[in-house]
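Nothing in this text is a laboratory measurement; each read-out follows from the coordinates by a stated rule. Not measured: the values here are computed from a predicted model. Backbone-built Cβ (ideal geometry, glycine too); neighbour counts: all protein chains shown.
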Amino acid sequence: MKDLQQNAIAVLNKNWKDKFSIPCDKLYPFQWFWDSGLIAIGFAHFDMPKAEKEIETLLDAQWSNGFIPHIIFHTDTDTYFPGPDFHRSNLHPDSSKKFKSTGMTQPPVTGFVLQDLYRISKDKKATLGFIESLIDKVYKNHEYFYTQRDPQNEGLVYIYHNWESGTDNSPIWDDIWDTMNPPDYTFERRDTTHVDASERPSKREYDHYLHIIEIAKQNNYNDEKIAELSPFLVQDPLFNTVLLKSNQSLIDLYGMIGNNEDKIEQLKKWQEKGTAAVNSKLYDAELGVYIHYDLRNEKPLRHISSSSFTPLFANLPSETQAKKMVDVMMEKFGNPDQYLCASFDPTSDRFNPKKYWRGPVWINLNWFLYYGLQQNGFKDIAKRMKQDTLEIIKKNGFYEYFDPRKEEHKNGKAGYGGYNFSWSAALFIDLLNE
Ligand code: DGY
């Protein structure tokens, strides 16, 4: 495993571009929001200055309204579609004047990442000083979410695009695609020139993705207009969990820094309301797990995915809920012939073990679930989650995602998508050293 750690370090150093990291070559040649945060956790174990720079660069691209974009286009390259000329986020008056970016966001990991840097740091005083220098930007990002993304003041924020969820082509979104009929756009995909098309979303799915952006652009990315008009408007348990986990981290970090009582009080209010809302609106007692809610069509999306279990990561479930949820995880995802944890219910007709977020195992989700299980006292299952995660990387390398079926791993060819993928390397390092 120690050799593999050296390889993981080499992957991160190779994907480092002076002041930020790319998730991987060609397929994702820019800085991505949640990738960036998770990558910083890996760097923190062996190169704290890079970890800090990664976060500094990310926050440098923050808009004046507190929003942080999901992709920051630092360079010009034609290996990716849709690029900055498609997104045109400068239509929004508050967009960054310094960086080109998208006009959508991603799960707001920054708050808990700062706390992870502190956890890992060997020089706590220096790291707390670094955190103090930019924590207010993260607070402002949370303020953006609670004031602009929660139109009914529920304590839950919405996402307006599947790319904001991070779980880009989850079968959950099929229910929403059924309510839409976008044009048959003409465009040149780039992802399928780098990766086998069977592992990526379909052309028709991309039509939906582009159509939502077109509507946002017609409205200059105005949040109120998007809330009113976007055909995709979802309250996502993973996204809200990450926000609440980051809220909690900000409360802890401001507590250590001192002199920020107003902010701590506000964060606690968001925390209390958000936790209650996740547990009432996004918990499905019959299924025994957390699910997504389609705010546009006002109905729950009753599917079980790896996102369904993530509230453990922010300690949101009660003891009874947690126990029930872990039983469901084991019953549906815990088959001994499969590695933990498939990204979508392996017992469903919509499950596909090779296709991106429709079934494969993802290292970042396993990492959330590992810590969630551990914190909630499910030590044995946490141990299996960690061992499975390390083993699939050992057998296949630092891929973007992996086949859950163990029989596919015999020849080391069960890794899919991008290769030398940064967060797979970063979180491998963290799991090995935690
Ligand atoms: C992609 O291009 O598939 C990215 O994941 C979007 O964020």
Using the alpha-carbon centroid of each, what span in Å lies between region 1-52 and region 147-180? 28
Counting only residues 5 or more places away or on other chains, whose amide H sits under 5 Å from the amide H of Q31 once H atoms are built in the peptide plane? I72, H74
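Percentage of Cα-Cα pair distances in region 160-205 greater than 13 Å, rounded to whole percent?
Percent of Cα pairs beyond 13 Å in region 160-205: 64.
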Tally Lys and Arg at +1 and Asp and Glu at -1 over the other residues with C-beta under 9 Å from the C-beta of P317: what net charge comes out? +1
Largest-first principal axis extents of the Cα set of region 152-293 (Å): 54, 39, 33
Neighbour-limited loop hits for chymotrypsin sites (Phe, Trp or Tyr not before Pro), region 112-217 (at most 16 other Cβ within 10 Å; DSSP other than H, G, I, E, B): Y185, F187
Can you pull out the GluC sites (Glu not before Pro) in region 255-314 that DSSP calls coil and that have at most 13 other Cβ atoms within 10 Å? E286, E298
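If each DSSP helix of 4+ residues adds -39,500 (n - 2.57) and the sum is divided by the residues in the chain, what number results at 222 nm, nearest 500 deg cm²/dmol?
Computed mean residue ellipticity for the chain: -15500 deg cm²/dmol.
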According to the square roots a ≥ b ≥ c of the eigenvalues of the Cα gyration tensor, what is the shape class of region 272-347, taking rounded for a/c under 1.5, prolate for a/b larger than b/c otherwise, and oblate for the remainder? oblate
Say we join alpha carbon atoms closer than 10 Å with springs in a Gaussian network model of the chain; which of P182, P23, P107 then has the biggest fluctuation? P182
What are the equivalent ellipsoid semi-axes of the chain, built from the alpha-carbon gyration tensor (square roots of five times its eigenvalues), in whole angstrom, biggest first? 27, 26, 24
Between F344 and residues 5 or more places away or on another chain, the pairs with built amide H atoms under 5 Å apart involve S306, G359
Rounded to the nearest 20 Debye, what is the dipole magnitude of region 2-433 about its Cα centre when Lys and Arg each give +1 and Asp and Glu each give -1 at the C-beta? 940
